[in-house]
Amino acid sequence: LYQATGFLISKADELRIDPKTIIVSGSSAGAITSLHADWYKRNKHTLSQSLPEGFQYSGVVSFAGAIFSTSGKPSYEISPAPTLFFHGTADKTVPYNKRQLFNKGFFGSNYLARVFSKKDYLYYLVSQEGAGHEIAVTPMNERLLEVLQFIQTAVIRRSDFRKETTLIPVGN
């Protein structure tokens, strides 16, 4: 991901893109990669040093993602990019909350949203009650308007955006 980002930055004029507006997104392992890319960059992790000094991602969209940490609970030296989390509350593949043993842990969307809320970071958490790992795919089709609204409001305009929605299956 850092190599792809570096390529886009190096070709920004030719591709007619603004490097200040690069958003990363992914589902499942891709969401984990996207969340890590921003987390590592904000914490000046050695893996992120291939990117230019002042560069930061402008947004993250995570479909059933988490951060895996071997050094305790995730925190940010620099405020994270505005982040949109989609996650099923019954996901058995990637934890919705967290799985932790000593300093190692897998910190899911709900856990990260609690961190973002406490620190007043920009985020939107969409939880699907009772859903599993299918949330890694379904919102890309079914919730596209929310993704676009989040990008427009939190990423492009940098407006105050802290929101949580719990979707309850029909019939419950």
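Could you check, for the range 48-63, whether at least one of its residues is more than 30 Å from residue 129 (Cβ to Cβ), among the small types (Gly, Ala, Ser), at pLDDT 95 or above and out of contact with any helix residue (DSSP H, G or I) (no Cβ under 9 Å at 6 or more places or on another chain)? No, the conditions are met nowhere in the range 48-63. If you go through the range 144-172 and keep only what is under 16 Å from the mean Cα position of the chain (by Cα), closer than 19 Å to residue 108 by Cβ, open to solvent by 50 Å² or more (accessible area, probe 1.4 Å) and not acidic (Asp, Glu), you end up with 162, 163. When the range 44-78 is filtered for residues that are of a type in the set (Ser, Thr, Tyr) and part of a loop (DSSP other than H, G, I, E, B), the ones remaining, listed by number, are 57, 58, 70, 71, 75, 76. When 132, 108 are checked against the criterion of being farther than 15 Å from residue 62 by Cβ, open to solvent by less than 30 Å² (accessible area, probe 1.4 Å) and touching a residue at least 12 places away in the same chain (Cβ under 8 Å), a single residue qualifies: 132. Among the residues of the range 1-47, those identified as open to solvent by 80 Å² or more (accessible area, probe 1.4 Å), hydrophobic (A, V, I, L, M, F, W, C) and touching a residue at least 12 places away in the same chain (Cβ under 8 Å) are 1, 47.
Looking at the range 101-146, which of the residues that are part of a helix (DSSP H, G or I), of a type in the set (A, V, I, L, M) and modelled with pLDDT under 95 is nearest to residue 86 (Cα to Cα)?
140
The values are calculated or read from the model by the stated rules, or taken from the named source; none is laboratory data. What you are looking at is a predicted structure, and each value in this text was computed from that prediction instead of being measured. Methodologically, a virtual Cβ is constructed for each residue, glycine included, from the backbone with ideal geometry; neighbour enumeration extends over all protein chains shown. These accessible areas exclude ligands, DNA and RNA; they are computed on the full protein's heavy atoms, side chains included. Shrake-Rupley method; radii C 1.70, N 1.55, O 1.52, S 1.80 Å.
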